[in-house]
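The values are calculated or read from the model by the stated rules, or taken from the named source; none is laboratory data. Predicted model, so just to flag it, every value in this text is computed and none were measured. Virtual Cβ from ideal backbone geometry, glycine too; neighbours counted across all protein chains shown. When the accessible area is computed, the model is the full protein with side chains, heavy atoms only, and any ligands, DNA or RNA have been set aside. Shrake-Rupley method; radii C 1.70, N 1.55, O 1.52, S 1.80 Å.
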Amino acid sequence: MNSQSKSVICRTELPTSLSVLVERFKQAPYKGAAIDIWVFDGPERRKAAEREIARSGADVHIYSAFKPLLHALLEEINLTHVEDMVIHYPVIEGVSDIRFMLEAYPVLDLFDDGQCRFEPMPQQDEKPYYQLDMTMSSSRKDSVRLFAPNRSRTDHAGMEILANCGWVRVVGAEDEGLDCDAPFETDLEQAFEWVLNSLKAQEWGNNSPLFDRLEMRLEAPFYETELPHSKEVISSAELMHEELYFAALETLKVQNGYKEDDRTFAPGQLVPYLVPRADETVLVELALASDPYLAIDCASETMPILHSRVEGWRVPKDEDPLKSLEHVDHWLSPDTVRAGLEALGGEKLISCSRRGRPVWGRYLKGEGPGLVISSGQHANETSGPVGALRAAARLRDDAHNNFAIAPLINPDGFALMREFCKDFPNHMNHAARFTAGGNDLEYVERGYENDILHEVKALTDAKLHLNLHGYPSHEFARPLSGYVPRGQEIWTLPKGFMLILRYLPGWQGIGEAILQTMISVLQEYEPIIALNRAHLARFSQYSSDDMGFSITKDIAHFTQEFPGSLFPVTIITEAPDETVYGEDFHILHEAQMRCVIAGARVLRDLIR
């Protein structure tokens with residue numbers, strides 16, 4: 001990522017946690033002491049620091065403060081002769097009952113089916129721990145207690161939370177006064193708090209947005225670890241992206257008198273800017289910056305190619321833009337979206353984003369009831385635009401279909417998503433989900449990107465809105481803010497391709513009929529059912545009985561009466577597409593397309 005211009009508000013530098021700890025514990029008074037340390041660094045850096053301290057005569061072990069159980073089983077405990085294991089996870093009053101089971105995810109991947117299971121263990125202790133009861137191949141029983149470092153504190157929004165933290169335990173120092181067993185504020189915790197305190201200290205004024213683009217730059221020795229037997233990757237950069245974005249948004253909401261779950265607040269675009277570095281300094285900076293690709297995006301007929309590890313998919317030369325979408329294996333470039341709409345035909349529609357980027361649409365008039373198809377509302381959810389365009393190409397062939405399509409309704413967010421994918425193409429990149437104003441366009445009554453939805457509603461008199469979305473394809477966690485993402489608890493782990501029905505009072509019956517038709521159509525698509533069964537089976541291993549949704553024919557779904565909706569019935573698709581590529585991406589946009597076609601067909605049967 002790079003900005004054309006920026007104005008630094010404030011910056012600071014911090015020593016890394018491990019450099020501080022090495023300097024502290026290589027001193028003579030700690031010779032012979034037993035030292036246990038928990039930090040957020042990767043295994044290579046932790047082992048190197050262990051060796052450095054051990055040379056001074058201390059018996060030191062440095063563990064991961066994030067997912068301590070999983071890391072212990074990967075790094076410390078030999079599972080070769082374990083035939084059976086029961087993991088007793090802590091249940092603590094005031095905290096989600098499954099919080100520590102979620103933090104263990106995906107530990108069951110390390111075992112054969114049925115070899116390992118969870119049991120809740122209520123605890124009053126301020127120092128939560130897991131207890132592992134193991135049966136070895138020799139029939140010998142063994143038990144291990146694993147500390148899970150957490151501390152209770154008041155967070156940035158004034159809530160009492162139990163959050164992951166660093167920790168230091170010293171026993172047997174020459175001076176007993178040096179013995180300790182207490183939290184240790186790591187470099188990432190310090191950087192996180194510094195950003196939030198700096199935000200609170202600014203005089204932003206009363207006008208919304210408070211700024212155009214605010215970059216929260218964090219340079220640190222981030223790490224990524226691919227987990228065995230799993231598509232999961234532990235990425236400290238991704239964790240900090242999620243924490244900085246959501247915590248900054250929550251901080252500014254509270255500071256400006258909004259509720260934490262409000263989606264209308266428009267602070268401006270919040271951009272976590274994560275930069276891996278190899279030395280022993282952590283740099284943190286807040287800066288007001290410009291949109292680096294805005295002038296090109298708005299001036300050129302062709303969107304710029306970003307030199308990325310993953311480029312936006314482009315139509316091969318001399319191929320039909322719509323036909324070629326059948327083979328797409330990752331997110332589209334904006335010019336491909338535009339080319340698809342040009343090939344689709346119909347009446348051209350256009351509105352502008354907050355920053356002036358075009359929001360394209362098409363209206364194809366027919367004799368049937370009105371239908372609106374939209375996607376890209378949350379720009380990091382990338383399978384929707386492909387499915388929307390593919391479905392529109394099929395619907396166009398029947399003159400009875402009366403529909404409008406707007407496949408990329410948040411182009412400012414999508415520009416930021418493209419930036420993020422230059423460096424982190426597989427991350428969730430949630431900071432790209434909202435508009436450049438920093439709000440969710442669905443919750444804005446009128447203006448900018450949202451204008452196109454009002455325009456197509458007026459043109460079509462649509463009774464059904466098919467709103468194609470996505471959600472994380474891997475675990476979504478916020479370890480510094482209580483681990484389980486509040487307000488987003490249902491999205492912690494993937495559950496396959498999901499459906500959400502929203503309806504105005506009096507429209508539930510029609511909505512339910514459309515929903516059930518979509519479920520039946522998805523049931524006939526074997527790849528999505530195989531994916532759903534795998535996701536749901538995995539999810540059930542780390543969840544409670546009250547899942548917050550229903551399951552019909554292997555499709556998770558839930559229903560809401562939604563009095564403020566622009567359309568009488570809205571079906572929201574939720575594909576686990578943040579951020580996937582290859583065959584998984586193809587399966588998801590095929591499912592998106594099939595849902596749209598099914599919705600259009602049943603709408604004609606229900607409303608004549």
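Starting with the highest mean, order 592-605, 250-263 by the number of other Cβ atoms within 10 Å, averaged over the residues of each peptide.
Details: 592-605: 22.1, 250-263: 15.9.
Descending mean neighbour count gives 592-605, 250-263.
When the solvent-accessible surface of protein heavy atoms is calculated with a 1.4 angstrom probe, in what order do 154, 517 fall, highest first? All intermediate terms of the calculation are to be shown ahead of the outcome.
On the way: 154 80, 517 30 Å².
Of 154, 517, the descending order of accessible area is 154, 517.
How much area per residue is accessible in the chain when the probe is 1.4 Å and only protein heavy atoms are counted (Å²)? Intermediate values should be presented prior to the final figure.
Values: 23700 Å² over 608 residues.
The answer is 39 Å² per residue.
Could the peptides 224-230, 22-28 be put in order, highest first, of the mean number of other beta-carbon atoms found within 10 Å of their residues?
On the way: 224-230: 13.7, 22-28: 16.4.
Final packing ranking: 22-28, 224-230.
How much of the accessible area of segment 81-146, probe 1.4 Å, is carbon plus sulfur, in whole percent?
Values: 1460 of 3380 Å².
The C+S portion of the solvent-accessible surface of segment 81-146 is 43 percent.
Cβ neighbours within 10 Å, averaged per peptide: list 427-435, 215-223, 92-100, 351-359 in order, most packed at the top.
Working: 427-435: 25.7, 215-223: 21.8, 92-100: 16.7, 351-359: 20.2.
Ranked from most to least packed, the peptides come out as 427-435, 215-223, 351-359, 92-100.
I'd like the distance separating the alpha-carbon centroids of segment 185-204 and segment 45-65, in whole Å.
A separation of 29 Å, based on Cα centres.
Once you place label points 7 Å from the Cα toward the Cβ at residue 127 and residue 288, how far apart are they in nm?
If labels sit at residue 127 and residue 288, their model points lie 4.8 nm apart.
Would you mind calculating the gained length between residue 141 and residue 508 on full extension (0.36 nm times residue separation, minus the Cα-Cα distance), in nm to one decimal?
Numbers: separation 367, 0.36 × 367 = 132.12 nm, distance 5.61 nm.
Gain on extension, residue 141 to residue 508, equals 126.5 nm.
Dipole size in debye (nearest 20) for the chain around its Cα centre, Lys and Arg Cβ +1, Asp and Glu Cβ -1? Kindly include the intermediate steps, with their values, before the conclusion.
On the way: 59 positive and 93 negative charges, 304 e Å.
My answer is approximately 1460 debye.
What distance in nm separates the two pseudo spin-label positions at residue 550 and residue 93, each 7 Å out from Cα along the beta-carbon direction?
Calculated label separation equals 3.7 nm.
For residue 319 and residue 457 in one chain, what is 0.36 nm times their gap in residues minus the Cα-Cα distance, to one decimal in nm?
Gain on stretching residue 319 to residue 457: 46.4 nm.
Taking only DSSP H segments of four or more residues, each worth -39500 (n - 2.57), what value at 222 nm results for the chain once the sum is divided by all its residues, to the nearest 500 deg cm²/dmol?
Numbers: 14 runs with 178 residues, N = 608.
The per-residue figure over the chain is -9000 deg cm²/dmol.
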